1. Binning every alpha carbon pair distance of region 31-73 at 10 Å from zero, what are the percents per bin?
2. Which of Thr74, Thr138, Thr118 moves the most in a Gaussian network model of the chain with Cα springs under 10 Å?
3. Rounded to a whole number, what % of the accessible area of the chain do carbon and sulfur atoms account for, probe 1.4 Å?
4. What dipole magnitude, in Debye to the nearest 20, does the chain give about its Cα centre under +1 on Lys/Arg Cβ and -1 on Asp/Glu Cβ?
5. Return the single residue from Ile212, Ile169, Ile134 with maximal mean-square fluctuation; model: Gaussian network over the chain, springs between Cα atoms under 10 Å.
6. May I ask you to evaluate 6.51 cos²θ - 1.76 cosθ + 1.60, the Karplus curve with θ = phi - 60°, for each residue of region 117-124 and list the ³J(HN,Hα) values in order in whole Hz, giving x for glycine and proline?
7. What's the magnitude of the charge dipole for region 67-115 around its Cα centre, counting Lys and Arg as +1 and Asp and Glu as -1 at the beta-carbon? Answer in Debye, nearest 20.
8. Pick from Ser54, Ser136, Ser147: which is most flexible by mean-square fluctuation in a GNM of the chain where alpha carbon atoms under 10 Å apart are linked?
Amino acid sequence: MSLLTHDIFFLSYRESNAEENWQRLIQRFPRAKRLHGVRGVLRAHQMLATLAESEFFFIVDGDNQIHDDFSFQTPFELYTDSLYVWRAQNPVNDLVYGFGGIKLYNKALLAQPTKVGTDVATTIAPKYLPVPIIASTTAFHVSPQESWRGAFRECAKLTMQLFKKPGDIDTRERLAVWLTKGQDRLHGSWCLLGAKQGHEFAKKSISEVKTIDEINDFYWLETEFVKNNQMLSEISTDSSLLSGL
């Protein structure tokens, strides 16, 4: 059982609602600290490891709105080889899983330069442990570009994961929802466009035997968004988008 106080970090980069979410966090948890504007996902996480004073520390993303009943308590055994991820509510397609969720890292896993996969959260630790508690809402949908970007990145990662583990039913179902649901929600059309294009980007990378590491470069993503934003009218919600995987 671990009831110790762990550091809480708010990690923001270019989220337009970051300040609002930061104020929401520190009103309830004044001890929280913020790191803003560090380019590179892994680099930002490793910087937090050097700043952390506790063995484990929480990361709250800039577009994350914590729920009123979440208290950053960990009343369960913590293992140094594990990453803990709380559930987050997706306001566009109503999925509930680790996308955008609050994470608890072990400092030692990030303290040294490490070669990790495109998705830091799922590759930094030997064990990825979901916590079955909905702790927050991932409010990534506050602008067209942010909606597109969040969906593009996530669907590229889901597509790669499905390629590596074609029998993963959860991943297949989540990808299908991203590709077909949310048209009627705020910036839902942009989310669907990003999902479709992220899925196709990953499929092309698979065929060309390339990584999808570009999705961690927000400047590259901004260029892709500008290049592709004229395609909004071409969105398809046909589940056949999953064909070939």
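1. The calculated distribution, bin by bin, is 21, 55, 23, 1.
2. Its mean-square fluctuation being the largest, the pick is Thr74.
3. Numbers: 6120 of 11590 Å².
It is 53 percent, rounded to a whole number.
4. 360 debye
5. Highest fluctuation among the options: Ile169.
6. Using θ = phi - 60°, the values come out as x, 4, 8, 4, 4, 8, 10, 6 Hz.
7. For region 67-115, the charge dipole is close to 300 debye.
8. Ser54
The values are calculated or read from the model by the stated rules, or taken from the named source; none is laboratory data. Bear in mind that the values here come from a model prediction, so they are computed numbers and not experimental data. Please note: Cβ atoms are built from the backbone with ideal geometry, for glycine as well, and neighbour counts cover all protein chains shown. These accessible areas exclude ligands, DNA and RNA; they are computed on the full protein's heavy atoms, side chains included. Shrake-Rupley method; radii C 1.70, N 1.55, O 1.52, S 1.80 Å.
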